[in-house]
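The values are calculated or read from the model by the stated rules, or taken from the named source; none is laboratory data. Here the structure is a predicted model, which means the values were calculated and not measured. Cβ placement follows ideal geometry from the backbone for every residue including glycine, while neighbour counts extend to all protein chains displayed. To get the accessible areas, we keep the full protein, side chains included, count just its heavy atoms, and leave off ligands, DNA and RNA. Shrake-Rupley method; radii C 1.70, N 1.55, O 1.52, S 1.80 Å.
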Amino acid sequence: MSSQEEILNDGRFSRITRDPRFWEMPEKERKVKIDKRFRAMFHDKKFKLKYTVDKRGRPVNYTSTENLRKFYALSESDSDLSESDSKEHTEKKKKKKKAKPRGEADS
């Protein structure tokens, strides 16, 4: 087999380096973005399958959650929103807890 440099120097294959169809896809674009509604699939037992052999019968030690992390990513805008939502949610809980003792004292 010839080296990759020789192939790229060959006139028949010179357009491969300039053609975007043959470029490697960036990591950010490779993963499918999912929103916060589906983040449970990364740690839920319903989505976790333990494989013992691959499709050719060779033994393997990995689970389907590793594949999920490989192909899916939480969208950045939703993860930012979820953090702010969780902060607001905890603040509301604190306010409610403070309000309950006053209401119970009145009853």
| message | Going by what's in this entry, would K50 be described as open to solvent by 80 Å² or more (accessible area, probe 1.4 Å), within 24 Å of E76 (Cα to Cα), out of contact with any Pro (no Cβ under 9 Å at 6 or more places or on another chain) and of a type in the set (K, R)? | response | no
| query | Is there a residue in the stretch 36-59 that is touching a strand residue (DSSP E or B) at 6+ places or on another chain (Cβ under 7 Å) and hydrophobic (A, V, I, L, M, F, W, C)? | reply | yes
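So, of the residues in the stretch 1-35 that are in a helix (DSSP H, G or I) and among the polar types (S, T, N, Q), which turns out to be least open to solvent (accessible area, probe 1.4 Å)? It would help to see each step written out before you state the result.
Going through the stretch 1-35, the residues in a helix (DSSP H, G or I) turn out to be 4-9, 11-16, 20-22, 27-30.
Subset that is among the polar types (S, T, N, Q): 4, 9, 14.
Working: Q4: 137, N9: 131, S14: 41 Å².
Within the stretch 1-35, the match that is least open to solvent (accessible area, probe 1.4 Å) is S14.
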